[in-house]
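So the structure is just underneath, and the comments pick up after that.
Every read-out reported here was derived from the displayed coordinates using simple, explicitly stated rules and does not represent laboratory data. Everything numeric in this text was worked out from a predicted model, so none of it was measured. Cβ placement follows ideal geometry from the backbone for every residue including glycine, while neighbour counts extend to all protein chains displayed.
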Amino acid sequence: MNRMRKVRVNCTNGDESVASRINRIPPSASQATVAIDAGTRGNTTYARTLQRQAGEPGRRNEGRARRTHFPIFKEKTHISSPDLVSSLASPMEGKVFQKFNVEQCCYLQNKQFKTRYQREPNPYMSALLPCPRGKLAWNLNSSLRAHTLFKYQNTAISKQTTFYCNAALSSASVPSLDKTDFLKLQNGSDIRGVAVPGVEGEPVSLHEPVTEAIAAAFGQWLLHKKKAESRRLRVSVGHDSRISAQTLLEAVSRGLGVSGLDVVQFGLASTPAMFNSTLTEDESFLCPADGAIMITASHLPYNRNGFKFFTSDGGLGKVDIKNILERAADIYKNISDENLRKSQTGNSSTKKVDYMAVYTSGLVKAVRRAAGDLEKPLVGFHIVVDAGNGAGGFFAAKVLEPLGAITTGSQFLEPDGMFPNHIPNPEDKTAMEAITKAVLDNKADLGIIFDTDVDRSAAVDSTGREFNRNRLIALLSAIVLEEHPGTTIVTDSVTSDGLTSFIEKKLGGKHHRFKRGYKNVIDEAIRLNSSGEETHLAIETSGHGALKENHWLDDGAYLMVKILNKLASARAAGSGSGSEVLTDLVEGLEEPKVALELRLKIDKNHPDLEGKDFREYGETVLQHLSNSIETNPNLKRAPVNYEGIRVSGFGGWFLLRLSLHDPVLPLNIEAQSEDDAVKLGLVVANAVKEFNALDTSALSKLTHSS
């Protein structure tokens, strides 16, 4: 299928020759029309790229259009090719673009030609993210990077082309950001924000200058922690498949340079691999890194992005993230173009390494060891992978196939930050339906699905039964308790009563139900070990799971390796083959007929709050519920509970808790029938009905359903 790009340039006050020189892009890119009008409206340049979908009829993942507004030149500028970057750096230093519209649609080539879904990285998306401040991001090596537009041309552009635009210094659009603005980016132990404009009501908060300041702050924090005097520190940086990834990678690298640190870029990587790079001892891969940064926003929409930070001690906690953001606010105010220029020309180095080869090799070795050092212990197993167009596509070709597994039928392995097929989230119903269908359609033995950055995962057996949430925890608990009898399994607060019974009565272990939040669960497991209570698994219902043997890293790929180990070792021992080995391990797990999560939102602007913080209001709601429980003989509070109010009754249970980050009270209900679920819902509804700032519409819908 031949795809061409047609370019039309109308330059009433510009260079007409451009139109005849920008003609073609590689066949793999989508059809598009580019129109540049440097016309009569104040000589302002407008550029719009329209990419037309060429999708398959009847597919659910039809192309999804989006419009993004990017800044563009406002000054008469001379651009020379091929030395485009160096030509742009000087004349455009400190300038900011203003109106750049991009509309993009994903497309799929027709499978009757047996072509694979791939998309050239959009030059505008990877190079032209906004910089309303313009202080750091549009000078030196990062200046516009408009060479990405021209690298797609097969015919040469003239050595010098003049674009006429209006001049405007970036200083005119410098926003005033203070410490409060930076602290809003904290999401527990992560940093998250909006990195791409175009979604109504979601202004960009993770600008390049903000990113540079955050990276520089991490550099300062790391220097203080390591107290390194005799050597330079180095930080590894990787990213998932998001469309803003490359831009933020470069901004992070510049920010680390400001702090005088060396940078090792891994490119497309997984979150577990980034932590692992602080432990690997292999100088040929510039490891170990003193610190690591993963650019990701997990399963959030395409316009979001963020950062996770690691040292060899593990992921940074909430206190450290707050410290870094406070430092970043000060750096943002004080850093100058001169500081950045020194970081580019000083002793700091930036190198690129294929670290994922090291990481995947370790996973392969782990499975071979479990099977008695067999080279291909998975020969004959048919295993399909769904990466959701995130960073986990490597698992099929780099882990399963070297072990001998058949991976035909694997899907959405190609990185695509628009996530055109489904949300890469093992908790998402559509995502789980997609991997289940792939297993059944291909008659596979096992299906594996990852989230965007591969720190979460789930599986599906050959019959289509899911191993996620309580069933995944039960499976991993069974495997771990075979290896470590009697050990404690640490989970989050919303696991079922049936899981507790399964772990303690059938498996002979101990279930320690703690708080929501993967970092909370992992830290509690580490604390228990340090206090003398043996624990080897910390796992959330979300699919975050960490093992003591794997340095307490929440690694979705390693969790799947533990499952593969069981398949391989069972076959090697002659005790079974196929996923029925796994299914048998969770036999006896009691599962609820009804499982709900309702979100009761707190209106922060409601008069009832009277200036209170929403958390204080939420705690008042919980206390009132707690008091009402005491007088009801049909209900029993959980004797040990670390979060919210957990109550058993009517053959089920409910948990009302305050969200870790948002003005929301999530309500989890599990019951053996709809009627029992309604009864539990009514208990909560009656207790909170006097709290007018609480949106109980979801709860009312449940209680009026019977």
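Distance distribution P(r), segment 480-603, all Cα-Cα pairs, bin width 5 angstrom from 0: 2, 10, 17, 21, 21, 15, 8, 4, 1, 1, 0, 0 percent.
Loop-resident GluC sites (Glu not before Pro) (DSSP state other than H, G, I, E or B) in segment 556-598 with no more than 11 further Cβ atoms inside 10 Å of their Cβ: Glu587.
Highest mean packing comes first when the peptides 599-609, 282-292 are listed by Cβ atoms within 10 Å, giving 282-292, 599-609. Can you pick out the pairs among Lys179/Lys226; Lys376/Lys505; Lys333/Lys519; Lys226/Lys548; Lys226/Lys318 whose Cα atoms lie more than 27 Å from each other? Going by Cα-Cα distance, Lys376/Lys505; Lys333/Lys519 fall outside the 27 Å limit.
Hydrodynamic radius of segment 594-703 by the Kirkwood approach over all distinct alpha-carbon pairs: 14.0 Å. In debye, nearest 20: dipole of segment 179-354 around its Cα centre with unit charges on the Cβ of K, R (+) and D, E (-)? Dipole magnitude for segment 179-354 comes out near 300 debye. Plainly put, segment 359-585 has a radius of gyration that is 0.95 times its Kirkwood radius, both from alpha-carbon atoms, as the Rg/Rh ratio. In segment 359-585, taking the dipole from charged Cβ atoms about the Cα centre, the farthest positive-side position among Asn468, Ile479, Thr436 is held by Ile479. DSSP assigns beta bridges within segment 176-283; of those with both partners inside it, close to 25 percent run antiparallel. Positive contributions from Lys and Arg (+1) and negative ones from Asp and Glu (-1), summed over other residues with Cβ under 14 Å from the Cβ of Asp453, come out at -1. Under the combined filter of DSSP loop state and at most 13 neighbouring Cβ atoms within 10 Å, segment 200-299 retains these trypsin sites (Lys or Arg not before Pro): Lys227, Arg231, Arg232.
Note on segment 179-354: Kirkwood radius taken over Cα pairs, Stokes-Einstein applied at 4 °C and 1.567 mPa s, translational D equal to 82 µm² s⁻¹.
For the peptides 378-389, 433-444, the ranking by packing is 378-389, 433-444, with the highest mean count of neighbouring Cβ atoms within 10 Å listed first. Summing +1 for each Lys or Arg and -1 for each Asp or Glu among the other residues whose beta-carbon sits under 12 angstrom from that of Asn323 gives +2.
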